[in-house]
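Asker: Dropping the structure in here first, questions after.
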Amino acid sequence: MKEIVIYTDGACSYNPGPGGWGVVLKYGQHEKELSGFSEETTNNRMEIFAAIQGLRALKEPCSITLFSDSAYLINAFQKGWIRNWQRNGWRNASKQPVENQDLWNQLLLSIGQHQIQWVKVKGHADNPYNNRCDQLARAQVAQYLKDREERQARLENHKEGNKKPRKEDN
């Protein structure tokens with residue numbers, strides 16, 4: 001079984017708001033970066049989605065060490081929260097519906113035949129791969145915000161252009 005290392009991170013502007021996710025996959029000397037964006041989301045959703053995308057990128061069952069700075073994601077597995085949620089009909093300890101159940105189910109399906117060790121790392125610290133994932137996620141958000149501003153400016157320019165008197169109106 002191949003041994004793979006996956007680093008993941010999610011980012012969200014305004015939480016909820018536009019969000020991004022980043023993944024670095026490592027196999028031996030090989031590295032692959034993935035990233036993406038969601039227009040309206042939360043940080044926790046992007047953290048889970050990053051893990052889903054990292055696992056989906058694998059073509060065969062692997063032995064994986066997955067690093068994340070998300071206590072929410074890591075504790076779900078390390079502390080057995082996810083088993084408890086399933087056993088309690090997707091209700092948390094407070095008997096409330098578990099948030100992001102749709103993504104938790106996708107993540108469980110993505111785990112498939114993999115063997116995974118879930119490892120918490122300190123965010124925005126000295127781990128270059130976690131920092132890279134954060135850069136990838138934030139870059140997705142920044143690009144979306146830049147594109148949105150440009151679209152809004154074009155729309156405003158178009159509206160202004162339509163306000164000018166036409167020759168036949170004179």
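The values are calculated or read from the model by the stated rules, or taken from the named source; none is laboratory data. Just so it is clear, the model here is predicted, and its values are computed rather than measured. Here Cβ is always computed from backbone atoms with ideal geometry, including for glycine, and neighbour counts include all displayed protein chains. We work out accessible area using only protein heavy atoms, side chains counted, and drop any ligands, DNA or RNA first. Shrake-Rupley method; radii C 1.70, N 1.55, O 1.52, S 1.80 Å.
Asker: Find all pairs meeting these conditions: Cβ atoms under 6 angstrom apart; at least six residues apart or on different chains; first residue within the stretch 25-36 and in contact (Cβ under 8 Å) with a residue 24 or more places away in the chain and closer than 12 Å to A57 by Cβ; second residue open to solvent by 90 Å² or more (accessible area, probe 1.4 Å) and of a type in the set (D, E, K, R).
Answerer: From the stretch 25-36, the pairs are L25/K32.
Asker: Still on this structure, I have one more. Name every residue in the stretch 62-80 that is open to solvent by 60 Å² or more (accessible area, probe 1.4 Å) and assigned to a loop (DSSP other than H, G, I, E, B), in order of residue number.
Answerer: Passing the criteria: only K79.
Asker: Within the bounds of the stretch 13-22, is there any residue that is aromatic (F, W, Y), under 19 Å from E99 (Cβ atoms) and more than 8 Å from the chain's Cα centre (by Cα)?
Answerer: Yes: one or more hits.
Asker: For the stretch 81-93, name all the residues that are out of contact with any helix residue (DSSP H, G or I) (no Cβ under 8 Å at 6 or more places or on another chain) and open to solvent by 80 Å² or more (accessible area, probe 1.4 Å).
Answerer: Across the stretch 81-93, the qualifying residues are R83, Q86, R87.
Asker: Residue check: is N100 more than 20 Å from R132 (Cβ to Cβ), at pLDDT 95 or above and over 14 Å from the mean Cα position of the chain (by Cα)?
Answerer: Judged against the criteria, N100 is not a match.
Asker: Please determine whether any residue of the stretch 127-140 is farther than 19 Å from L34 by Cα, touching a residue at least 40 places away in the same chain (Cβ under 8 Å) and either part of a helix (DSSP H, G or I) or open to solvent by 40 Å² or more (accessible area, probe 1.4 Å) (or both). Step through it out loud before you land on a result.
Answerer: Filtering the stretch 127-140 down to residues farther than 19 Å from L34 by Cα leaves none.
Within the stretch 127-140 (the criterion being farther than 19 Å from L34 by Cα, touching a residue at least 40 places away in the same chain (Cβ under 8 Å) and either part of a helix (DSSP H, G or I) or open to solvent by 40 Å² or more (accessible area, probe 1.4 Å) (or both)), the answer is no, since none of the residues qualifies.
Asker: Using the structure shown, decide if L155 is open to solvent by less than 60 Å² (accessible area, probe 1.4 Å) and either over 17 Å from G36 (Cα atoms) or at pLDDT 95 or above (or both).
Answerer: no
Asker: Next question. Which ones in the stretch 36-61 are touching a Pro at 6+ places or on another chain (Cβ under 9 Å) and in a helix (DSSP H, G or I)? Talk me through it step by step, then tell me what you get.
Answerer: Keep residues of the stretch 36-61 that are touching a Pro at 6+ places or on another chain (Cβ under 9 Å), which gives 37-43, 45.
Within the stretch 36-61, N43, R45 qualify.
Asker: From the list E31, E47, which residue is surrounded by fewer than 16 Cβ atoms within 10 Å (Cβ to Cβ), at pLDDT 95 or above and closer than 15 Å to L136 by Cβ?
Answerer: Working: E47 fails: surrounded by fewer than 16 Cβ atoms within 10 Å (Cβ to Cβ).
Just one listed residue meets the conditions, E31.
Asker: Under 9 Å by Cβ, and 6 or more places apart or on different chains, what pairs join a residue from the stretch 99-115 that is farther than 15 Å from T41 by Cβ with one that is acidic (D, E) and outside any helix (DSSP H, G or I)?
Answerer: Q113/E60
Asker: With (1) among the charged types (D, E, K, R); (2) over 23 Å from P128 (Cα atoms); (3) open to solvent by less than 60 Å² (accessible area, probe 1.4 Å) as the list, and E40 as the residue in question, which single condition is left unmet?
Answerer: Condition not satisfied by E40: (3).
Asker: List every residue pair whose Cβ atoms lie under 8 Å apart, where the two residues are 6 or more positions apart in sequence or sit on different chains, the first residue falls within the stretch 54-67 and is touching a residue at least 12 places away in the same chain (Cβ under 8 Å), and the second residue, located anywhere, is polar (S, T, N, Q) and surrounded by 14 or more Cβ atoms within 10 Å (Cβ to Cβ).
Answerer: So the pair list comes out as G54/T8; L55/S110; R56/S110; L66/T8; F67/T8; F67/N127; F67/N130.
Asker: Considering the stretch 1-28 alone, what residues qualify as being among the polar types (S, T, N, Q) and either open to solvent by less than 40 Å² (accessible area, probe 1.4 Å) or part of a strand (DSSP E or B) (or both)?
Answerer: Quick first cut of the stretch 1-28, residues among the polar types (S, T, N, Q) only: 8, 13, 15.
Scanning the stretch 1-28 gives T8, S13.
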